[in-house]
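Following: one structure in structure tokens, then a few remarks.
Coordinate-derived values only; no laboratory data. What you see is a predicted model; the values in this text were computed from it and never measured. No Cβ is skipped: glycine too gets one built from the backbone with ideal geometry, and neighbour counts run over all protein chains shown.
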Amino acid sequence: MIRVQLHNLLFKAFHGIHKEEKIIGNDYSIDASVEFHERDEVIEHIAETIDYATVYSIIKNRMSIPTPLLETIAMKAGNDIHHQFPDLKSITISIKKMNPPIEGMQGFAEVCWHKEF
């Protein structure tokens, strides 16, 4: 089993259910992990693996679409990635909202989605 991971992908985006989130936006950090069974004893060509540049592009595209819920973003990005790479055995995407609009809260809010195929 091979795991391809992307860590700390940083975005400024306009997701959320509150009006101010859609206007001023927020900072987000995304981690993504995909797993697949290797077909060959040694992988030597990009066509034999998951191209993490494509995974990044799919996530970047999904982050550019204002969406009320982080759960929706994670699930749609994950399904888009699986559509591009149907041999995936599992996918995990976590999205951190770095400055959630909760008075007095320090820290971040995170949604993590995992699916096995």
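Past 23 Å, Cα to Cα, is the threshold; run LYS12/LYS96; LYS22/LYS115; LYS22/LYS96 against it and keep the listed order.
Result: LYS22/LYS115 exceed 23 Å.
Report the extension gain between THR54 and ILE24 in nm, rounded to one decimal, defined as 0.36 nm multiplied by the number of residues separating them, less their alpha carbon distance.
Roughly 8.0 nm would be gained on extension.
I want to check the label-to-label distance for LYS76 and ASN99. Put each point 7 Å from Cα in the C-beta direction and report it in nm to one decimal.
It is 2.4 nm.
If you line up the long axis of helix 52-63 against the longest principal axis of the chain, both from Cα atoms, how many degrees apart are they, to the nearest 10?
The answer is roughly 30 degrees.
Can you tell me the orientation of helix 70-84 relative to the chain, as the angle in degrees between its alpha-carbon axis and the longest Cα principal axis, to the nearest 10?
The angle comes out near 20 degrees.
Take every Cα pair under 8 Å in the chain that's 6+ residues apart, average their separations, divide by the length, and report that relative contact order as a whole percent.
29 percent.
Under Stokes-Einstein, with the Kirkwood radius over Cα pairs standing in for Rh, what whole-number D in µm²/s applies to the chain at 20 °C and 1.002 mPa s?
143
Out of VAL42, VAL55, VAL34, any idea which swings most in a Gaussian network model of the chain, alpha carbons joined below 10 Å?
Of VAL42, VAL55, VAL34, the most mobile in the Gaussian network model is VAL42.
For the stretch 10-117, run through the GluC sites (Glu not before Pro) and keep only the ones in DSSP coil with at most 13 other Cβ atoms within 10 Å of their Cβ.
Passing sites in the stretch 10-117 are GLU38, GLU41, GLU44, GLU103.
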